[in-house]
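Values in this text are rule-based calculations from the coordinates and carry no lab data. Given the structure is predicted, the values throughout are model-derived calculations rather than measurements. Virtual Cβ from ideal backbone geometry, glycine too; neighbours counted across all protein chains shown.
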Amino acid sequence: MEKIKLILVDDDLLIRKSLAMVFKRESDIEVLGDAADGNEALRLIEKEKPTIVLMDINMPGVDGIAATRLIKGQFPDIKILMLTTFADKSNIQQALAAGADGYLVKTDKIVDLPIKLRAATLGVGILEPQVLNALTQKENEALNQLTPRERDITRLVAQGMKNKEIAGTLFLSEGTIRNNLVVIMEKMGVENRSQLGLAYFE
């Protein structure tokens with residue numbers, strides 16, 4: 001099985017070293033290197049071509065949100081998972097709008113990070129309960145365009161469920177879920193699951 005290639009981006013050297021120790025215990029994850037800011041991260045990514053980047057937000061110079069936008073612009077297939085102390089709505093919305101594939105807060109259990117990293121590499125939008133709670137519960141008017149079934153599917157996507165889990169919950173086939181998601185994303189004007197999850201709470 002091909003290894004997940006990871007780059008760590010955080011301005012705190014101790015955090016980078018601690019994260020590296022956690023991931024180096026995992027046989028399927030290879031830490032290619034680390035960076036202290038967005039500029040350094042971009043240079044490292046251009047050289048190493050990782051599978052995924054674990055990105056802090058508050059950094060000097062080019063911050064995590066700006067770096068995410070730059071990286072996604074050049075390397076759209078590279079996954080970016082935000083890991084930060086900031087769980088406010090503004091940062092979450094900006095990060096997801098910049099193209100982040102997930103958003104975690106540093107209060108979450110560090111031992112769970114490899115599991116969440118693997119899920120993100122498979123295309124699962126990672127939004128923790130604390131992150132979801134930070135987003136407004138006011139529904140986007142676009143949701144009014146959805147059928148009841150489509151709204152249920154959207155709600156479960158926003159909760160971070162995979163297609164298989166959604167299918168089991170709603171007693172539908174995975175193919176039905178996939179087909180519905182194509183229609184839902186078109187109606188909502190979004191391009192991926194992370195954006196759909198955010199749109200549900202806008």
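Simple spin-label model, 7 Å along Cα-to-Cβ: Glu48 to Arg178 in nm?
3.3
On a 19 Å Cα-Cα criterion, which of the cross-link pairs Lys89/Lys116; Lys24/Lys109; Lys17/Lys49 come out too long?
Lys89/Lys116; Lys17/Lys49
Starting from the Cα of Lys106, draw a straight line to each of the aspartates and glutamates and keep only those under 20 Å, dropping any in the same chain fewer than 8 residues away.
Qualifying aspartates and glutamates at Cα under 20 Å: Asp10, Asp11, Asp12, Glu26, Asp34, Asp37, Asp56, Asp63, Asp88, Glu128.
Just to be sure I understand: with springs between alpha-carbon atoms less than 10 Å apart, which residue in Met188, Met21, Met59 has the highest mean-square fluctuation in the Gaussian network model of the chain?
Result for the chain, Cα springs under 10 Å: Met21 fluctuates most.
According to a simple spin-label model (label point 7 Å from Cα along Cα-to-Cβ), what is the distance in nm between Ala142 and Arg155?
Those two pseudo-labels are separated by 1.9 nm.
Distance between Cα centroids, segment 1-39 to segment 52-115: provide it in whole Å.
Each part's Cα centre sits 14 Å from the other's.
If you take the beta carbon distance between Thr169 and Leu122 as r and set R0 to 25 Å, what does 1/(1 + (r/R0)^6) give as a FRET efficiency, to the nearest 0.05?
So the FRET efficiency works out to roughly 0.85.
Quick one: give the max-minus-min coordinate of the C-alpha atoms of the chain along each principal axis, largest first, in Å.
The principal-axis extents, from largest down, are 48, 36, 31 Å.
Regarding segment 141-201, what's the average projected area of the Cα-atom convex hull, expressed in nm²?
So the mean shadow area of the Cα hull is 3.5 nm².
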